[in-house]
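Working notes for the structure below.
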Amino acid sequence: MPGRRGRDVIVIGASAGGVGTLQKLLSGLPPGLPAAVLVVLHTATTDVPLRLPNILARSGPLPVAYAVPGQRLTPGIVVLAPADQHLVLTPGDILRLHRGPHVHGNRPAADPLFHSAARTCGGRVVAVVLSGVLRDAADGAAAVAAAGGAVLVQDPGEAPFPSMPQATLAQVPQARPLSVEDLGAAVARLAATAPPPATAPATTTCADGLDVALWLAVSRLHAYASTQRQLAERVAENSPLRRSAELKAYEAVHAAELIATHVLPAYATPAAPAGPAGPPGPATDSPAAGGRS
């Protein structure tokens, strides 16, 4: 996004209680905000929230739409992660969608977006964590802070579900807790404020797009495992073919989990020239009751 003056990438994570909170935040943003706004709201696929963009657009002056693969960041537009797809930011300010494994029990999840924004955009990023259960966005917010970005959280005392803001404050003590009525104005101020000079490029030693390729591999492994499980269900219970298919399914899922939990985090945090290692990448948790809004 050439010609930027401030922090022009706003990433927002919300879960339970997040729709009302998002409405209040968006109502506080000015028309013509000089930043793109990317939002992850935990949604179940059965919800089919087709009306969500319209609901949120009526709350403030900015247009709201679901992300489209290959879309470029555009200032003054709010972009939502679609149900059942992770939204990530890749080099060139290009948005990608993928069906990698659930993170903290959710897909979409905030951590993949926050980590990708930190790695790709560094100090240009403002991360905002709103009401929600569990700890999604906490590790990603730490990556944003480590890359020179700013982190805001909804005041846990007023959040309907304070776990996500609390987890973020535990990871990023310097994050600013604000009432939801004040968050929109704070985001607008940061969008108009130039980030501090970068002390190191927000890149890793991997080739551009390697993390996207790894997520694609994870997705393909899960698809292969699903195919093998379906095959196993169609043959006799004590058949060698069934045992072979079940073993292949197990091995594929295990490989996908290894990539997601041990390989991808190495490319999810900006490399620093010196000092302690950055915060870990997103960890995949088992789905938990209440993990979705």
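What the table shows:
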| read-out | value |
| --- | --- |
| Check on Leu97, closer than 21 Å to Val9 by Cα and at pLDDT 95 or above | no |
| Checklist (1) modelled with pLDDT of 85 or more; (2) under 23 Å from Asp111 (Cβ atoms) applied to Ala185, failing item | (2) |
| Residue among Pro177, Pro160 that alone is under 18 Å from Leu22 (Cα atoms), touching a strand residue (DSSP E or B) at 6+ places or on another chain (Cβ under 8 Å), open to solvent by 40 Å² or more (accessible area, probe 1.4 Å) and touching a residue at least 24 places away in the same chain (Cβ under 8 Å) | Pro177 |
| Residue within the stretch 38-50 that is part of a loop (DSSP other than H, G, I, E, B), crowded, with 18+ Cβ neighbours inside 10 Å and at pLDDT 95 or above present | no |
| Count of residues meeting criterion [open to solvent by less than 30 Å² (accessible area, probe 1.4 Å) and either modelled with pLDDT under 80 or not in a loop (DSSP other than H, G, I, E, B) (or both)] in the stretch 220-272 | 13 |
| Residue within the stretch 26-33 that is modelled with pLDDT of 95 or more and within 17 Å of Ala117 (Cβ to Cβ) present | yes |
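The values are calculated or read from the model by the stated rules, or taken from the named source; none is laboratory data. In this text, all values refer to a predicted model and were calculated from it rather than measured experimentally. No Cβ is skipped: glycine too gets one built from the backbone with ideal geometry, and neighbour counts run over all protein chains shown. These area figures cover heavy atoms from the full protein model, side chains too; ligands, DNA and RNA do not enter into them. Shrake-Rupley method; radii C 1.70, N 1.55, O 1.52, S 1.80 Å.
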